[in-house]
Structure formats: structure tokens, C-alpha cells
Amino acid sequence: MKVNIFPLVSSLHDQNRINENTQVLLNELMNLSDISFQISTVEDLYNCDLSLILVQSGGSEGLFLENFSKLKAPFYLLTYGHNNSLAASLEILSFLKDNNLEGEVLHGANQYIVNRIRELAQSKVEYRYGVLGKPSDWLIASQVDYDTAKRLHHIQLVDIPIEKVCEKFEESENDLDLSFDYDAKEIDKALRLHKAIDSLKEEYHLDGLTIRCFDLLDKLETTACLSLALLNQRGVVATCEGDVPTMISMHLLKKITGQNGFQANPSRIDIQSKKMILAHCTLPLDMVEKFYLDTHFESGIGVAIKGYLKEEKITIFKLSKNLKDYYVTTGKILKNLEESNLCRTQIQLEVDDNIQYFLSRPYGNHHVVIYGDHKEEIVRFMESLK
């Protein structure tokens with residue numbers, strides 16, 4: 001990631017000492033990240049992934065005004081705890097807010113600054129996500145506004161008829177160099193479907209997708225579970241049942257943490273013990289310690305994933321259909337289950353707080369699980385959108 005920096009320093013200060021302080025800061029930030037910082041003129045400031053104004057000292061406010069006509073919103077002010085840098089930044093930010101201009105001071109622990117730079121850079125990127133068929137009929141609380149998705153999350157949603165998937169399936173042959181210990185005929189159909197979905201991803205230039213997969217049970221006599229597992233494994237966000245809020249939830253988790261997520265249904269909840277069971281028939285293959293293949297639970301056909309997740313700390317996240325409100329909590333996977341009356345991948349977990357949410361004000365049925373405690377990062381990112 002390339003970040004250009006336009007420095008501001010008052011002539012009252014020792015420029016050499018200021019530059020030494022600046023270099024120490026930039027070296028520390030680079031050591032914590034893959035970010036390349038480049039000191040820039042105001043003319044070249046915006047030829048990069050993210051542009052920052054480095055307020056090197058107090059008394060820089062006048063220099064900011066001198067260059068104001070050449071600068072563009074949003075204004076991100078990088079500062080540190082020396083030379084009245086922070087004080088000058090606060091004065092500049094107050095000026096921007098008085099003029100209804102977007103701005104933010106980047107100040108604090110170096111890891112926080114690095115994380116925030118990543119978030120801001122990623123927020124500029126535009127994405128294309130495919131909706132292959134409409135959301136499943138039972139997702140009556142999961143419709144989203146396409147304009148809101150584009151405005152809030154920079155995601156263009158592209159509708160693709162499910163018939164396109166079927167046409168691609170009929171044209172596809174399984175020539176993938178993949179082998180699984182399962183019924184060869186079913187694997188052949190599942191991998192032909194994977195090629196069809198992957199082909200549509202390339203044709204429509206998609207960054208990710210969701211698919212109305214239950215329609216394929218009758219039309220193609222196979223399931224998308226294996227394809228979604230393979231797509232997610234290689235970093236392409238892919239969800240089932242045409243669930244757009246869950247797809248965007250997984251997209252945001254990928255942006256914030258870099259992780260793939262497990263889309264799952266809550267199956268049982270015990271409010272008193274704060275324990276619950278989540279289950280689904282597909283998940284990213286890089287999340288599992290081991291897995292085997294089975295039939296799809298509801299239909300008894302096709303190929304589904306029975307995965308075993310690591311018994312460790314996790315975060316649960318879900319975006320509401322308005323794409324603004326959200327639920328996030330942490331917990332721990334206690335064990336993997338082997339029940340015959342649930343979707344194939346099954347985990348029991350203990351939630352740290354607010355499990356009552358699921359029975360009082362849930363944001364749909366699907367929720368997304370990732371490894372680790374990322375609640376603070378997620379809250380900070382989501383609140384920054386507001």
C-alpha cells in the first residue's frame with residue numbers, strides 16, 4: 001500500500017530535528033505494516049492509495065490555509081506527541097468541521113494509526129458483488145437497498161439470473177485438478193457447478209457473490225456447497241441462499257481482519273448458560289482442522305462440507321438489512337458436534353455477552369464467525385462509517 005504524505009512545519013522550528021522526529025514515526029509505522037510512506041509535494045499528493053497531511057509542528061495552521069485550495073477532502077491529519085503537532089492538528093480539524101468538510105486526526109498508538117490507515121485506504125476501493133438469483137424465499141428480513149450498499153460500503157450489486165448459472169453448468173466440464181474421497185458422480189457435478197460459478201465471476205468481473213443455491217437442487221440435482229467452500233478458501237467472499245446482508249457482513253470482516261468467515265444458522269440457544277449451536281453445510285476450507293464430504297442436509301443430495309473448527313476464541317458479526325446497524329460479540333468454540341438433524345458443520349460455542357439479542361432483535365438468521373477477538377476493531381470501523 002502506497003501512502004503519500006504532505007508535511008507542514010512552521011519556520012519557527014528546527015527543520016532538521018523535526019525531520020528526524022518524522023522519520024522515527026514513519027519507520028515505526030512501516031515496521032508494523034506493509035505500508036510504504038512517501039514524502040510528497042502537494043501537486044503529487046493524490047497519486048497513491050491514501051493521502052495524509054503530516055502536521056509536524058505547532059504554527060502550521062497558516063501553511064495549511066496557504067495550500068488549502070490545492071487540497072482535497074477528506075483531510076487526514078497525521079500527528080504525533082511532539083512539537084505541538086497535535087494542538088495544530090486540532091485547530092485545523094476544527095476549521096474543517098466549521099466548513100462542513102470531512103476530516104480526521106490520526107494520533108495515538110502506532111498500531112492504531114496503522115490499522116486506521118488500512119481502513120481508510122480500503123474504504124476508497126470500489127467492489128462488484130454478484131447476486132446470482134434472488135434471495136431465497138424464506139429470507140423475508142434480508143432485503144437490502146442497492147443504492148445504500150454503494151453509498152455506504154462502495155459495493156455495486158449486480159443481479160445475475162439463476163438461469164445463467166444453469167446455462168454455464170451445461171457448458172462446463174470438470175477438468176479441475178482436484179480429488180476428493182467421495183462419490184465420483186456427485187463430485188463431478190459439484191465441480192462442474194464450481195466452474196460455472198467461477199466463470200460467471202470472471203465474466204461479470206465480480207469480487208464476490210451470493211447464490212440462490214436451493215433452486216439448483218431441482219434444476220441441476222447438485223449443490224453449491226463445495227463451490228462456495230473453494231471460493232472462500234481462495235479469498236473470494238461467497239455466500240449461499242442469496243443472502244446479501246450476510247455477504248456484505250463477510251466482505252466487511254475480510255476488509256477489517258483479512259479473515260474468511262463461516263456463515264451459519266443458530267440452531268439452539270441456552271440463554272442461561274450463554275451457549276448456542278451454529279450449523280451450516282459449507283464453510284471456507286482454510287478455516288477447518290479437518291473435513292469430510294457428506295450430502296446436503298435438507299435435500300440429502302449433492303456435496304456438503306462436514307468441517308471441524310478449532311476450539312478457540314471467536315467473533316460473531318452480522319450487519320442488518322439497512323447496512324448500518326450491526327451485532328458483534330465474542331465467544332469461544334467449545335466443541336464440534338456430530339448430530340444427524342443439523343446442517344453438516346456444527347459447532348457449540350459460548351457467547352461472552354448479549355446472547356439475548358438472538359431471541360429479541362436478531363438481524364436475520366445467518367451470522368458470521370471468524371477466529372479471534374476482533375470486536376474492538378469491528379466496532380471502530382462500523383462507527384467510523386457513521
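The values are calculated or read from the model by the stated rules, or taken from the named source; none is laboratory data. The shown structure was predicted, so the numbers you read here are calculated from the model rather than taken from an experiment. For neighbour counting, all protein chains shown are included, and Cβ atoms are generated from backbone atoms with ideal geometry for every residue, glycine included. These accessible areas exclude ligands, DNA and RNA; they are computed on the full protein's heavy atoms, side chains included. Shrake-Rupley method; radii C 1.70, N 1.55, O 1.52, S 1.80 Å.
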Worksheet, complete the sentence: Cα-Cα pairs in region 242-372 separated by more than 20 Å, as a whole percent of all pairs, come to 41
Worksheet item: Under 13 Å from the 7 Å Cα→Cβ point of Thr148, by amide nitrogen: which residues of region 238-256?
Response: 244-246
Worksheet item: Which FRET efficiency value, to the nearest 0.05, is calculated for Thr41 and Lys185 with the Förster distance at 51 angstrom and r the Cβ-Cβ distance?
Response: 0.20
Item to complete: Considering Cα pairs under 8 angstrom that are at least six residues apart, work out the relative contact order of the chain and quote it in whole percent.
Response: 12
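Mean residue ellipticity at 222 nm from the helices of the chain, using -39,500 (n - 2.57) per DSSP H segment of n ≥ 4 over the full residue count, to the nearest 500 deg cm²/dmol?
Values: 12 runs with 132 residues, N = 386.
Value at 222 nm, helices only, nearest 500: -10500 deg cm²/dmol.
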Worksheet entry | P(r) histogram, all alpha-carbon pairs of region 57-156 included - 10 Å bins from 0, percent | 12, 31, 26, 16, 10, 4, 0
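Protein chains only, probe 1.4 Å: how do Asp353, Asp286 rank by accessible area, largest first?
Numbers: Asp353 55, Asp286 85 Å².
The ordering from most to least exposed comes out as Asp286, Asp353.
Multiply the residue gap between Glu28 and Tyr112 by 0.36 nm, knock off their C-alpha separation, and tell me the result in nm, one decimal place.
Working: separation 84, 0.36 × 84 = 30.24 nm, distance 1.21 nm.
So the extension gain works out to 29.0 nm.
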Worksheet entry | Cα convex hull of region 255-332 - mean projected area over all directions, nm² | 6.8
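Return one quarter of the surface area of the convex hull spanned by the alpha-carbon atoms of region 171-299, equal to its mean projected area, in nm². Walk me through the intermediate numbers first.
On the way: hull surface 37.2 nm².
Over all viewing directions, region 171-299 projects a mean Cα-hull area of 9.3 nm².
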Discussion item. If I model a spin label as a point 7 Å beyond the Cα along the Cα-Cβ vector, how far apart are those points for Leu101 and Leu71 in nm?
Written reply: 0.6
Practice prompt. Report the dimensions of the chain along its three principal axes from the alpha-carbon atoms, largest first, rounded to Å.
Written response: 77, 51, 36
Item to complete: Assign one of three labels to region 1-45, namely rounded, prolate or oblate, based on the Cα gyration tensor with a ≥ b ≥ c the square roots of its eigenvalues; rounded applies when a/c is under 1.5, prolate when it is not and a/b is larger than b/c, and oblate otherwise.
Response: oblate
Discussion item. Looking at region 194-307 only, what percent of DSSP beta bridges run antiparallel? Nearest 5 please.
Written reply: 70
Item to complete: State whether region 299-360 is rounded, prolate or oblate according to the following rule on the C-alpha gyration tensor (a ≥ b ≥ c being the square roots of its eigenvalues): a/c under 1.5 gives rounded; otherwise a/b larger than b/c gives prolate, and the remaining case gives oblate.
Response: oblate
